[in-house]
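The values are calculated or read from the model by the stated rules, or taken from the named source; none is laboratory data. On a predicted model such as this, the values are computed, not experimentally measured, just so you know. Neighbour counts run over all protein chains shown; Cβ positions are idealised from the backbone, glycine included. What goes into the accessible areas is simple: the full protein's heavy atoms, side chains included, and nothing from ligands, DNA or RNA. Shrake-Rupley method; radii C 1.70, N 1.55, O 1.52, S 1.80 Å.
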Amino acid sequence: MIKRLIISFCGCLLALLMLSLAGCGSQSATEDGAMLPVKDDSGTITGYERKYHNDNGDITRWDVYDANEQYDHYVLYEYNSENRLAKETYYRADGIGVYYYAYSYTEDGTLAEKDYVFAKEGSTRTIYDNEGKEKERYTYDDRDAFVKYEVFTDHQWVEKELPTQATEPTESVG
């Protein structure tokens, strides 16, 4: 009889604890679009942000404000059919696109390529190995002309001559 009372009492305590934690979670969760401060390591507010999410909980939009709450820029995020980040586009506050990153993946979900495109400066295509580590990259100028080829070696990018048997990617990133 005492064992049943203790088990019953512990079960009630556990249920109360779970209910109180569930309540705390819903109170502390921020809603999409809530203006939140961004702080540096010392706790000083350096700006503000608003984030919006899709039904999967992935961020779809990030609005950035300066420390005076003046709108600075925003980023839009797109996802592929496997719910992996496919593209992130950066815009000025006036809505003009500045640059974007586009991502592609292998069948098993490992990052295969990342394109960085900046209309005024050109673009870079980074190729990853089977483990998702940077392997090589191709850079193009603002007119989409090939500029350089680099290989990631010993934790740094090293400019190389484009191998004669290799060709630059068949499609530019611009």
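For the range 105-137, a residue qualifies if it is among the small types (Gly, Ala, Ser) and under 21 Å from Leu162 (Cβ atoms), and the qualifying residues are Ala112, Gly122, Ser123. Scanning the range 70-86 for residues that are within 25 Å of Tyr48 (Cβ to Cβ) and surrounded by 12 or more Cβ atoms within 10 Å (Cβ to Cβ) yields Tyr71, Asp72, His73, Tyr74, Val75, Leu76, Tyr77, Glu78, Leu85. Could you please let me know if Leu13 is farther than 30 Å from Glu107 by Cα, exposed (fewer than 10 other Cβ atoms within 10 Å of the Cβ), modelled with pLDDT under 95 and of a type outside the set (Phe, Trp, Tyr)? It is false that Leu13 is farther than 30 Å from Glu107 by Cα, exposed (fewer than 10 other Cβ atoms within 10 Å of the Cβ), modelled with pLDDT under 95 and of a type outside the set (Phe, Trp, Tyr). Just one residue in the set Thr139, Thr89 is of a type outside the set (Asp, Glu), in contact (Cβ under 8 Å) with a residue 12 or more places away in the chain and within 30 Å of Met35 (Cβ to Cβ); that residue is Thr89.
May I ask you to list the residues in the range 120-151 that are aromatic (Phe, Trp, Tyr) and either open to solvent by 70 Å² or more (accessible area, probe 1.4 Å) or over 25 Å from the mean Cα position of the chain (by Cα) (or both)? If the condition is that a residue be aromatic (Phe, Trp, Tyr) and either open to solvent by 70 Å² or more (accessible area, probe 1.4 Å) or over 25 Å from the mean Cα position of the chain (by Cα) (or both), then Phe146, Tyr149 are the ones that fit.
When the range 92-122 is limited to residues that are in contact with a strand residue (DSSP E or B) (Cβ under 8 Å, 6 or more places away or on another chain) and among the basic types (Lys, Arg), the one that is nearest to Pro37 (Cα to Cα) turns out to be Arg92.
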